[in-house]
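Written below as structure tokens is the structure these notes are about.
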Amino acid sequence: MAAPKRQDTRKFIENLSGAGKSIAVLTSGGDAQGMNAAVRAVVRMGIYVEAKVYFIHEGYQGMVDGGDNIKEATWESVSGILQVGGTVIGSARCKEFRVREGRLKAAHNLVRRGITNLCVIGGDGSLTGANLFREEWSGLLDELLQQGLIDEEATRVNSELHIVGMVGSIDNDFCGTDMTIGTDSALHRIIEVVDAIMTTAQSHQRTFVLEVMGRHCGYLALVSALSCGADWVFIPEMPPEDGWEDNMCQKLSENLADKKRLNIIIVAEGAIDSHNKAITPDYIKDLVVRCLGFDTRVTILGHVQRGGTPSAFDRILASRMGVEAVLALLEASATTPACVVSLVGNQAVRLPLMECVQMTQEVQKAMDEKKFEEAVRLRGSSFEHNLSTYRLLSNRKADSELPNSSFNVAVLNVGAPAAGMNAAVRSAVRVGISEGHKMFAVTDGFEGFSKGQIEEIKWGDVGGWTGQGGSLLGTKRTLPGKHLEQIAEQIKIHNINALLVIGGFEAYVGLLELSAARGRHAELCVPMVMVPATVSNNIPGSDLSVGSDTALNAITDTCDRIKQSASGTKRRVFIIETMGGYCGYLASMGGLAAGADTVYIYEEPFDIRDLQANVEHLTQKMKTSIKRGLVLRSSAPSRRLLSPPAGQQEMRTPMRTSPLTSSTSCTPRREKGCSTAGRTSSVTCSRVELLHRSIGTLAPKLPLKPSSGSPRRSRSLTKEAVCSRTPRTRPACWGCAAGRWCSSPFLGSGTRPTLSTGSLKSSGG
């Protein structure tokens with residue numbers, strides 16, 4: 001497959017123009033959470049560049065039928081849909097579009113409205129149909145001309161049809177993208193059910209068999225099993241070997257002997273054995289009851305996985321993809337092949353549509369031919385790593401099979417608690433034991449280390465840790481600088497050969513202090529590794545920190561509830577303060593996911609004139625049909641112009657860990673150039689800028705070039721100029737995953753780069 005096409009962000013900020021063009025957006029196939037966010041992004045980005053944007057209701061069926069199914073979209077027509085699951089413009093299967101006569105009707109309906117740019121949100125079948133439609137376009141126009149339905153001028157003006165696809169599928173079964181729209185939300189639904197089941201299963205010592213969606217792809221089953229620490233998982237890409245029944249029953253029996261009160265077995269609906277025979281939940285239940293006599297229950301989740309509100313990850317992913325899709329349509333030429341917008345690493349990129357479709361079809365072909373290892377490889381590195389990680393963490397080797405090692409590894413948590421810390425500790429302990437190392441747990445961070453609070457930790461000691469929030473080891477913000485001698489002494493006493501520190505910025509600075517002290521203490525000359533775990537997501541060198549996704553979901557859920565509470569009132573503005581300190585990641589991304597009107601963060605300086613402009617914007621907004629406002633503020637203490645409101649909503653660390661946080665914490669390694677576990681919700685600074693300015697403002701158009709009138713960068717939400725920012729010097733570190741500067745009292749001063757980052761604003765979501 002060709003290398004992903006990465007865009008120069010400055011290019012489209014300077015040269016965007018869709019004047020005279022028409023763009024249509026449709027959703028097809030099965031619905032998925034996040035589709036509405038993608039529709040919203042396409043509409044607002046299209047209007048932002050002065051193009052006409054149309055809804056095509058009911059998918060391809062609406063395109064064939066025409067009439068009221070194709071309507072022009074407005075800025076306000078997509079307000080309030082960001083947090084809505086499914087697709088508000090409808091989706092339907094269409095047999096007529098599969099034949100040429102149906103596609104001829106669809107072409108006529110598009111030409112009548114001058115639509116030559118089509119954005120399709122759906123699965124591989126929907127995208128394949130769109131590509132066929134594009135290939136036949138010239139022939140369809142000629143046929144319409146011969147029938148007298150259009151004239152030669154219409155044929156000339158509409159001679160080219162440009163297609164861009166976005167994959168909306170909860171199964172994550174499309175090759176070429178790390179994540180499809182809707183998958184993360186479906187994982188949330190599964191984990192919510194698993195968390196609820198675990199309490200009743202522990203009460204009665206039961207075994208639960210859960211069937212999740214995934215007729216041809218086992219991604220949901222695999223990642224949910226990894227996230228909740230399931231005892232066994234069945235997926236179609238890797239059938240169990242012959243004799244799996246005895247192996248599974250033996251493991252369940254061992255769990256009972258270890259006094260484990262519950263067993264969780266997850267089955268993809270397309271699970272098969274090595275002879276292509278279906279493995280059903282009822283078969284597994286009967287097997288467990290017959291062989292072990294365990295009280296066993298079956299739960300089939302079904303379409304619950306498709307429902308509910310989209311997660312923060314899906315909202316941001318869909319918004320990024322929608323903006324990139326419009327850019328691709330504007331830059332397309334007659335020779336540009338149809339493309340699909342994908343997530344590769346941490347970038348929204350464009351890939352040839354049919355190459356991705358063909359690779360997706362190759363996976364099913366490999367499975368039909370029983371080439372299961374090839375099918376896993378074709379699924380991508382993220383799928384491979386998740387599968388190998390699950391096997392490593394769920395299957396304990398016998399002591400006789402372990403490698404001989406005299407290596408002792410100490411694991412500790414440092415800094416504020418973050419969801420996913422326990423999952424990271426569990427993963428580290430079990431990986432270390434599998435390699436033959438002796439693992440030690442340090443309680444209460446560096447302070448506990450200095451006091452000798454160190455104990456060996458075994459495989460079973462971390463059972464059930466995956467979904468628990470906080471830090472079961474205990475964590476403190478204490479830095480090691482004042483305890484260097486005591487820590488060195490404890491390393492010598494326990495013969496520690498390596499340190500694994502899981503934590504936030506205090507952990508980062510602590511390791512720097514330990515490293516700097518190696519010249520004075522030879523005991524500190526051991527390998528030291530840090531796993532970033534902080535809700536603020538402010539660790540240098542990391543796209544996504546453990547815990548930040550869970551915190552972002554907590555913020556988004558709270559904003560949704562606040563917006564819903566305002567639905568019965570008029571002319572009300574809510575100001576919400578989030579955590580994050582000097583890093584505006586949570587506020588910025590939370591505002592993007594929740595559809596906030598504006599966001600105030602430390603990285604973007606503002607003054608009283610900016611506040612006045614924002615108030616004027618809200619005043620104008622209250623005159624429209626959307627009579628509410630939402631403002632997010634980061635908790636940085638340096639901005640006293642906007643004081644925290646009375647009864648502020650500060651987002652604390654949630655108790656339940658999100659699937660993304662759990663699976664990222666469990667993954668012991670990452671591929672170079674890719675985000676951990678193939679997934680992340682952070683964005684580069686210039687991408688945030690374009691998203692904020694294009695899909696989040698009330699004004700349909702902002703000046704694309706900086707104004708020369710003032711060195712101050714305006715935060716106006718109206719059509720005022722966006723001015724360049726005056727750089728200033730202050731203590732800083734390149735630490736924010738959003739590509740911004742973060743203050744740090746521990747590092748030297750540096751000059752902040754001049755950026756023209758637009759504020760995050762929206763007309764009611």
How many residues of the stretch 450-469 are on the phi < 0 side of the Ramachandran plot, open to solvent by less than 60 Å² (accessible area, probe 1.4 Å) and assigned to a loop (DSSP other than H, G, I, E, B)? The answer is 7
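To keep it simple, each residue is scored yes or no on (1) at pLDDT 95 or above; (2) of a type in the set (Phe, Trp, Tyr); (3) under 28 Å from the mean Cα position of the chain (by Cα).
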| site | (1), (2), (3) |
| --- | --- |
| GLY380 | no, no, yes |
| ASN386 | no, no, yes |
| LEU392 | no, no, yes |
| VAL409 | yes, no, no |
| ALA416 | no, no, yes |
| VAL429 | yes, no, yes |
| ALA441 | yes, no, no |
| GLU455 | yes, no, no |
| TRP459 | no, yes, no |
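Scan ARG156, ARG113 and give me the residue that is touching a residue at least 12 places away in the same chain (Cβ under 8 Å) and of a type in the set (Lys, Arg).
Working: ARG156 fails: touching a residue at least 12 places away in the same chain (Cβ under 8 Å).
After applying the criteria, what remains is ARG113.
In the stretch 390-448, what residues are of a type in the set (Ser, Thr, Tyr) and more than 20 Å from GLY474 (Cα to Cα)? Full working, then the answer.
Initially, the stretch 390-448 is screened for residues of a type in the set (Ser, Thr, Tyr), giving 390, 394, 400, 405-406, 427, 434, 443.
Of everything in the stretch 390-448, those that are of a type in the set (Ser, Thr, Tyr) and more than 20 Å from GLY474 (Cα to Cα) turn out to be TYR390, SER394, SER400, SER405, SER406, SER434.
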Using the structure shown, decide if GLU455 is of a type in the set (D, E, K, R) and closer than 13 Å to ALA441 by Cα.
yes
Log entry, pairs with first residue in the stretch 518-536 being more than 12 Å from VAL414 (Cβ to Cβ) and open to solvent by less than 80 Å² (accessible area, probe 1.4 Å), second being aromatic (Phe, Trp, Tyr) and in a helix (DSSP H, G or I), beta carbons closer than 8 Å, six or more apart or on different chains, reads SER536/PHE505; SER536/TYR585
Considering the stretch 12-71, residues that are over 17 Å from ALA130 (Cβ atoms), among the acidic types (Asp, Glu) and outside any helix (DSSP H, G or I), and then whichever is farthest from the chain's Cα centre (by Cα), we arrive at GLU50
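Yes or no, residue by residue, for (1) at pLDDT below 95; (2) of a type in the set (Val, Ile, Thr); (3) on the phi > 0 side of the Ramachandran plot; (4) over 35 Å from the mean Cα position of the chain (by Cα):
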{"position": "ALA92", "(1), (2), (3), (4)": "yes, no, no, no"}
{"position": "GLU96", "(1), (2), (3), (4)": "yes, no, no, yes"}
{"position": "ALA106", "(1), (2), (3), (4)": "no, no, no, no"}
{"position": "CYS119", "(1), (2), (3), (4)": "no, no, no, no"}
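Got a sec? Which of ARG396, ARG391, ARG379 is farther than 16 Å from LEU127 by Cα, among the charged types (D, E, K, R) and without any contact (Cβ under 8 Å) to a residue 12 or more places away in the chain? Steps first, answer last, please.
Working: ARG396 fails: without any contact (Cβ under 8 Å) to a residue 12 or more places away in the chain; ARG379 fails: without any contact (Cβ under 8 Å) to a residue 12 or more places away in the chain.
Matching residue, one of ARG396, ARG391, ARG379: ARG391.
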The residue that is nearest to GLY34 (Cα to Cα), considering only those in the stretch 173-217 that are among the hydroxyl-bearing types (Ser, Thr, Tyr) and open to solvent by 10 Å² or more (accessible area, probe 1.4 Å), is THR177
Residues of the stretch 373-402 being among the aliphatic types (A, V, I, L, M), open to solvent by less than 40 Å² (accessible area, probe 1.4 Å) and under 20 Å from MET248 (Cβ atoms), in sequence order, are LEU387, LEU393
In the stretch 195-209, residues that are part of a strand (DSSP E or B) and at pLDDT below 90 total 0
The correct count of residues that are part of a helix (DSSP H, G or I) and aliphatic (A, V, I, L, M) in the stretch 164-194 is 6
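Among the residues of the stretch 222-234, what is the count of those that are small (Gly, Ala, Ser), closer than 26 Å to ALA366 by Cβ and either out of contact with any Phe, Trp or Tyr (no Cβ under 7 Å at 6 or more places or on another chain) or not in a helix (DSSP H, G or I) (or both)?
2
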Selection from the stretch 488-507 of residues open to solvent by 60 Å² or more (accessible area, probe 1.4 Å) and of a type outside the set (S, T, N, Q) yields GLU489, LYS492, ILE493
Taking the stretch 72-103 and keeping only residues that are part of a strand (DSSP E or B) and open to solvent by less than 10 Å² (accessible area, probe 1.4 Å), one is left with none
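Which of the strands (runs of 3 or more DSSP E) found entirely inside the stretch 235-353 contain at least 3 residues meeting this: open to solvent by 10 Å² or more (accessible area, probe 1.4 Å) and within 19 Å of LEU222 (Cα to Cα)? Break it down stepwise before answering.
On the way: elements: 263-268, 296-300, 339-344, 347-352.
Output list reads 296-300.
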In the stretch 185-223, anything in contact with a Leu (Cβ under 8 Å, 6 or more places away or on another chain), among the small types (Gly, Ala, Ser) and closer than 17 Å to GLY308 by Cα is listed as ALA186
When restricted to ARG112, ARG93, ARG103, ARG44, the only residue under 23 Å from LEU353 (Cα atoms) and touching a Gly at 6+ places or on another chain (Cβ under 8 Å) is ARG93
Over the stretch 397-436, the set of residues closer than 15 Å to LEU226 by Cα and either assigned to a loop (DSSP other than H, G, I, E, B) or among the hydroxyl-bearing types (Ser, Thr, Tyr) (or both) is GLY420, SER427
With the first residue restricted to the stretch 116-145 and required to be free of Cβ contacts under 8 Å to residues at least 24 places away in the same chain, and the second required to be not in a loop (DSSP other than H, G, I, E, B) and not aromatic (Phe, Trp, Tyr), Cβ contacts under 7 Å at 6 or more apart or on different chains are LEU145/GLU152; LEU145/THR155
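Filter the stretch 130-151 down to the residues that are in a loop (DSSP other than H, G, I, E, B) and acidic (Asp, Glu), then identify the one that is nearest to the chain's Cα centre (by Cα).
GLU136
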>> Whether any residue in the stretch 470-487 is of a type in the set (Lys, Arg), without any contact (Cβ under 8 Å) to a residue 60 or more places away in the chain and surrounded by fewer than 19 Cβ atoms within 10 Å (Cβ to Cβ) is what I want to check.
In response: yes
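The values are calculated or read from the model by the stated rules, or taken from the named source; none is laboratory data. Given the structure is predicted, the values throughout are model-derived calculations rather than measurements. Note that we place each Cβ from the backbone using ideal geometry, even for glycine, and neighbour counts take in every protein chain shown. Areas reflect the complete protein model, heavy atoms only, side chains present, ligands, DNA and RNA absent. Shrake-Rupley method; radii C 1.70, N 1.55, O 1.52, S 1.80 Å.
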